[in-house]
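Have a look at the structure below before the remarks.
The values are calculated or read from the model by the stated rules, or taken from the named source; none is laboratory data. None of the values given here were measured: they were computed from a predicted structure. Counting neighbours? That spans all protein chains shown, and the Cβs are built from the backbone with ideal geometry, glycine included.
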Amino acid sequence: MSTFFLFLLLFIFTISNPPPSFAEQTLSFSVSNSPWTPQSNLTLLSPNSHFAAGFRPLPSSPNLFNFSIWFRSTSAPNVVWSTNPPLGPSATLSITSTGALHLSNSSSGQNLLPGNTSAARNTTQLKLRNDGNLFYGAWDSFAFPTDTVLPNQSMEGNITLVSKNGKFRFTNSTKLVFNLTEQYQDLTDAFKNLDFDGKMTQANGKSFIVSDFGLNRSRRLTLDNDGNLRIYSFDPSIADWTVVWQSGYELCQVHGTCGPNAICVSDGTSSSYDCVCPPGFQPAPGAIEDQGCQRKIPLSKNTKFLKLDYVNFTGGSNQTNWPATNFSICESRCLRRANCEGFMFKYDGKGYCVLQLDRLLYGYWSPGTETAMFLRVDGAEKDQTNFTGMTELLETTCPVQISLPLPPQESNATTRNIIIICTLFAAELISGVLFFWAFIKKYIKYRDMARTLGLEFLPAGGPKRFSYAELKAATKDFSNLIGKGGFGDVYKGELTDQRVVAVKCLKHVAGGDAEFWAEVTIIARMHHLNLVRLWGFCAEKGQRILVYEYVPNGSLDKYLFQPGRVLSTDQDSENVAPVADAEKPILDWGIRYRIALGVARSIAYLHEECLEWVLHCDIKPENILLGDDFCPKISDFGLAKLKKKEDMVSISRMQGTRGYMAPEWVKMDPITPKADVYSFGMVLLELVSGVRNNEIQGSMIESEDWYFPRWAFDKVFKEMNVEDILDRRIMHCYDSRAHFDTVNRMVKTAMWCLQDRPEMRPSMGKVAKMLEGTVDITEPKKPTIFFLTDD
């Protein structure tokens with residue numbers, strides 16, 4: 001019974017797993033064998049049985065085939081020739097009625113064999129020679145290599161090898177090319193023929209031999225998928241292919257090894273490498289190793305360079321060497337070009353300078369390169385270079401011993417003179433300290449007396465002088481921070497008389513108390529409805545503090561730009577309440593016009609009516625505060641007077657905020673009140689449009705060519721469509737009959753204020769009259785963009 005069950009199990013296993021069928025082997029293929037299909041299980045052998053040819057399934061897709069030639073007596077990889085593209089199960093190899101050898105996916109399909117395969121039908125046979133050459137009449141496979149060349153196969157003529165992945169080519173038997181056009185290696189002398197002993201004959205009578213020359217082994221020359229050209233030899237002792245020659249020993253120098261912006265780092269072997277991102281870059285999101293890196297911080301106008309020793313990029317759009325007499329010239333050439341990603345420089349005295357334009361491709365690290373790559377990154381980038389050469393690490397370790405003669409012995413007279421001088425110096429020092437201490441005591445005494453008698457008030461109705469302790473108590477130890485600005489931090493406080501104030505603690509204020517009091521007195525005398533009122537100050541313990549009236553509704557930008565945005569503090573306004581999560585109300589056209597007119601009148605007052613000539617230098621929505629009735633009040637006026645005097649006249653020191661600065665700040669021209677006129681014009685245009693001047697609005701212009709006033713001018717004066725620039729949030733409230741005259745005056749006035757040349761802009765007094773409608777406004781000229789330098 002057990003024998004019966006054993007026999008039954010063996011029978012079931014045999015049915016479910018039939019034994020594999022053995023392929024039929026032949027030395028020739030003729031008309032009698034035609035057609036030949038993948039199901040024929042036919043294999044064509046060479047007479048010495050070293051090579052075989054036939055339909056071979058793809059390793060990744062068993063249902064797809066290639067008609068291939070392979071080493072029959074060696075282990076994989078052993079395919080030396082194959083057709084392309086892959087074939088399906090219905091593919092056939094046949095000899096047609098005309099005698100042509102025909103390979104196709106169907107009996108009537110296109111012939112996939114390269115070249116002319118015609119021959120006599122009844123007498124010609126397809127055979128495989130002992131050297132691996134498949135031939136049919138005058139046609140042979142050696143004339144059409146794929147990725148491999150065999151011994152005795154000629155490489156002269158227009159022979160091209162293509163790697164299996166299609167990325168790399170070996171053309172004209174001398175050049176290695178990536179993606180059809182990018183050449184990364186030139187072997188100089190063209191290859192002609194590889195013999196069976198391992199000798200490669202080259203053009204001009206040259207030759208070289210492989211490392212196992214003379215041994216009777218199977219060999220092949222193959223262009224691998226990593227772009228390296230190698231000669232392989234089959235070692236029977238280990239039953240595997242070994243590399244006996246290769247075209248390049250630094251795999252990182254092959255183009256395409258790593259992706260854009262990445263740097264290939266090799267350990268010196270021919271197969272091991274890593275793709276790393278340079279400082280300032282990070283792997284692209286979702287990218288694999290060879291898909292490159294992207295910048296952490298996009299380049300702005302403020303850039304710097306990081307030195308990468310032994311790093312070379314060879315894939316820029318222009319690899320021209322621009323000889324430079326020194327490093328600074330090469331660096332300046334790169335800085336003048338917005339598309340310059342960095343430059344390569346050699347410290348060899350020959351002025352080697354190559355700019356990397358538009359892109360960073362095919363980067364690699366190699367001690368063999370003599371160049372240093374200076375990578376351009378944004379000025380805010382904190383990454384440090386991680387490619388450092390040995391010159392940065394060497395330190396001098398050899399001790400230097402210097403012996404000096406002993407000084408002569410001093411005489412008694414010299415010692416006596418030194419004692420007398422030291423005694424007199426000590427006496428003067430002690431006397432100076434005592435006099436200074438007496439002065440401090442008298443100063444404190446008279447200061448306390450002045451405070452007791454109420455003499456801390458300055459004459460002519462000046463502001464009150466507060467003590468530091470009073471302001472510390474009023475602000476609860478400076479705990480309620482409501483704003484930060486270029487001149488200092490602002491805190492909300494409440495005085496003993498219940499007045500709510502904004503307390504500004506100034507930073508970087510030079511000069512003594514007398515100078516500070518004089519400047520505060522000037523600011524305190526500036527009384528205008530649309531200027532924030534100064535109530536007092538503090539100047540003690542090294543502190544310089546101003547006390548202003550508190551303006552409850554905050555700054556204009558919170559109402560004008562992007563309703564609903566939550567900001568914790570106002571970075572530039574003088575005293576602003578913290579912004580709540582609730583949206584601010586939208587300003588209608590009437591309120592916007594009142595704000596524009598009030599700001600214009602206050603600036604005109606600073607320019608033309610004050611005893612002291614005052615430039616604001618930073619007109620922007622953040623410095624325009626709104627009272628309970630949305631009455632505008634300008635803050636931070638006159639604070640420039642509290643800075644060093646030399647800063648006020650230094651042309652190289654720009655003041656203001658990008659986007660609102662007049663062109664003369666950049667052109668180093670003298671600064672006049674017309675600089676404030678330009679800034680007011682930009683604010684006036686933002687009041688109408690409700691957007692920041694640096695936000696591109698529905699234009700096909702490139703971002704670097706975008707200019708807000710030019711866009712508004714084209715909409716109003718060329719397309720005659722003023723509605724396109726109005727604030728979208730209150731477009732439904734715009735009535736052309738009721739609001740056109742007001743909006744038209746605001747836009748025309750803004751365009752006059754934004755003229756490139758200062759002499760073309762009106763004074764602030766005239767600007768206020770233009771807004772009031774008391775003077776006629778002619779059609780303005782189109783505002784233009786000022787470029788600092790041309791590339």
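Within the range 695-713, one or more residues are more than 27 Å from Leu625 (Cα to Cα), modelled with pLDDT under 90, in a loop (DSSP other than H, G, I, E, B) and of a type in the set (D, E, K, R). Which of the residues belonging to the range 129-138 are among the hydrophobic types (A, V, I, L, M, F, W, C) and under 15 Å from Leu93 (Cα atoms)? Answer for the range 129-138, where residues must be among the hydrophobic types (A, V, I, L, M, F, W, C) and under 15 Å from Leu93 (Cα atoms): Leu134, Phe135. Would you please list the contacts, defined by Cβ atoms under 6 Å and residues six or more apart or on different chains, that run from a residue in the range 465-490 that is on the phi > 0 side of the Ramachandran plot to a residue that is assigned to a loop (DSSP other than H, G, I, E, B) and loosely packed, with under 14 Cβ neighbours inside 10 Å? Going by the 6 Å Cβ cut-off, the qualifying pairs are Gly488/Lys507.
Taking Cys258, is it outside the structural domain of Asp131 (by TED's automatic domain parsing) and part of a strand (DSSP E or B)? No, not satisfied. Would you be able to say whether some residue in the range 211-219 is under 29 Å from Gly256 (Cα atoms), surrounded by fewer than 21 Cβ atoms within 10 Å (Cβ to Cβ) and of a type outside the set (Phe, Trp, Tyr)? Scanning the range 211-219, I find at least one residue that is under 29 Å from Gly256 (Cα atoms), surrounded by fewer than 21 Cβ atoms within 10 Å (Cβ to Cβ) and of a type outside the set (Phe, Trp, Tyr), so the answer is yes. Consider the range 241-255 and keep the residues that are among the hydroxyl-bearing types (Ser, Thr, Tyr) and not in a strand (DSSP E or B). The one that is farthest from Trp365 (Cα to Cα) is Ser247. Put simply, of Asp224, Asp235, Asp212, Asp197 the only residue that is without any contact (Cβ under 8 Å) to a residue 24 or more places away in the chain and touching an Asp or Glu at 6+ places or on another chain (Cβ under 9 Å) is Asp235.
Conditions tested, residue by residue: (1) at pLDDT below 90; (2) within 26 Å of Leu112 (Cα to Cα); (3) of a type in the set (Lys, Arg); (4) loosely packed, with under 12 Cβ neighbours inside 10 Å.
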| position | (1), (2), (3), (4) |
| --- | --- |
| Met1 | yes, no, no, yes |
| Ile12 | yes, no, no, yes |
| Asn17 | yes, no, no, yes |
| Ala23 | yes, yes, no, no |
| Leu42 | no, yes, no, no |
| Leu45 | no, yes, no, no |
| Pro59 | yes, yes, no, yes |
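How many residues are of a type in the set (Phe, Trp, Tyr) and assigned to a loop (DSSP other than H, G, I, E, B) if we restrict to the range 117-161?
Initially, the range 117-161 is screened for residues of a type in the set (Phe, Trp, Tyr), giving 135-136, 139, 142, 144.
Keeping just the survivors that are assigned to a loop (DSSP other than H, G, I, E, B) gives 144.
Matching residues across the range 117-161 total 1.
Looking at the range 532-547 only, could you name the residues that are of a type outside the set (Gly, Ala, Ser) and free of Cβ contacts under 8 Å to residues at least 24 places away in the same chain?
Step one: filter the range 532-547 for residues of a type outside the set (Gly, Ala, Ser), giving 532-535, 537-538, 540-541, 543-547.
Listed by number, the list holds a single entry, Arg533.
None of Val599, Val547, Val576 is modelled with pLDDT of 80 or more, in contact with a Gly (Cβ under 6 Å, 6 or more places away or on another chain) and of a type in the set (Val, Ile, Thr) except Val547.
In the range 621-640, which residue that is part of a loop (DSSP other than H, G, I, E, B) and touching a residue at least 24 places away in the same chain (Cβ under 8 Å) is farthest from Phe561 (Cα to Cα)?
Applying the first criterion (part of a loop (DSSP other than H, G, I, E, B)) to the range 621-640 yields 627-631, 635-638.
Going one step further and asking which of them are touching a residue at least 24 places away in the same chain (Cβ under 8 Å), we end up with 627-628, 630-631, 635-638.
Numbers: Gly627: 18, Asp628: 20, Phe630: 16, Cys631: 18, Ser635: 19, Asp636: 21, Phe637: 23, Gly638: 27 Å.
Across the range 621-640, the extreme among qualifying residues is Gly638.
Would you pick out the residues in the range 766-777 that are more than 22 Å from Pro663 (Cβ to Cβ) and either touching a Pro at 6+ places or on another chain (Cβ under 8 Å) or not acidic (Asp, Glu) (or both)?
Ala768, Lys769, Leu771, Gly773, Thr774, Val775, Ile777
If you check Leu64 against the conditions, is it under 19 Å from Leu42 (Cβ atoms), modelled with pLDDT of 90 or more and in contact with a Pro (Cβ under 6 Å, 6 or more places away or on another chain)? Yes; evaluated as a whole, the condition is true for this residue.
Can you confirm whether Gly248 is at pLDDT below 85, out of contact with any Phe, Trp or Tyr (no Cβ under 6 Å at 6 or more places or on another chain), under 28 Å from Asp224 (Cβ atoms) and crowded, with 17+ Cβ neighbours inside 10 Å?
Numbers: at pLDDT below 85: yes; out of contact with any Phe, Trp or Tyr (no Cβ under 6 Å at 6 or more places or on another chain): yes; under 28 Å from Asp224 (Cβ atoms): yes; crowded, with 17+ Cβ neighbours inside 10 Å: yes.
Yes: the conditions hold for Gly248.
The set of residues from the range 220-240 being surrounded by 23 or more Cβ atoms within 10 Å (Cβ to Cβ) and part of a loop (DSSP other than H, G, I, E, B) comprises Gly227, Asn228.
Looking at this structure, is Arg217 assigned to a strand (DSSP E or B) and charged (D, E, K, R)? Let's see the steps before the verdict.
Numbers: assigned to a strand (DSSP E or B): no; charged (D, E, K, R): yes.
The answer is no for Arg217.
Based on what the data block shows, is Ile523 touching a helix residue (DSSP H, G or I) at 6+ places or on another chain (Cβ under 9 Å) and modelled with pLDDT under 85? Judged against the criteria, Ile523 is a match.
What number goes with the only condition from (1) modelled with pLDDT of 90 or more; (2) surrounded by fewer than 15 Cβ atoms within 10 Å (Cβ to Cβ); (3) within 21 Å of Gly166 (Cβ to Cβ) that Ser49 does not pass? With respect to (1) modelled with pLDDT of 90 or more; (2) surrounded by fewer than 15 Cβ atoms within 10 Å (Cβ to Cβ); (3) within 21 Å of Gly166 (Cβ to Cβ), Ser49 is out only on (3). Of the residues screened, Leu180 is not one that is closer than 20 Å to Asp224 by Cα, aliphatic (A, V, I, L, M) and buried (at least 16 other Cβ atoms within 10 Å of the Cβ). Where strands (runs of 3 or more DSSP E) fall wholly inside the range 479-519, the ranges with 1 or more residues that are aromatic (Phe, Trp, Tyr) and at pLDDT 75 or above are 488-494. In the set Asp756, Asp727, Asp735, only one residue is at pLDDT below 90, surrounded by fewer than 19 Cβ atoms within 10 Å (Cβ to Cβ) and not basic (Lys, Arg); that residue is Asp735.
From the residues in the range 320-358 that are in contact (Cβ under 8 Å) with a residue 40 or more places away in the chain and aliphatic (A, V, I, L, M), which one is nearest to Pro278 (Cα to Cα)? Among those residues, the one meeting the criterion is Leu357.
Can you confirm whether the range 319-338 contains a residue that is under 21 Å from His255 (Cβ atoms), modelled with pLDDT of 90 or more and crowded, with 19+ Cβ neighbours inside 10 Å? Explain how you work it out, then say what you get.
Our first condition is that a residue be under 21 Å from His255 (Cβ atoms); within the range 319-338, this holds for 319-321.
Going one step further and asking which of them are modelled with pLDDT of 90 or more, we end up with none.
Within the range 319-338, not a single residue is under 21 Å from His255 (Cβ atoms), modelled with pLDDT of 90 or more and crowded, with 19+ Cβ neighbours inside 10 Å.
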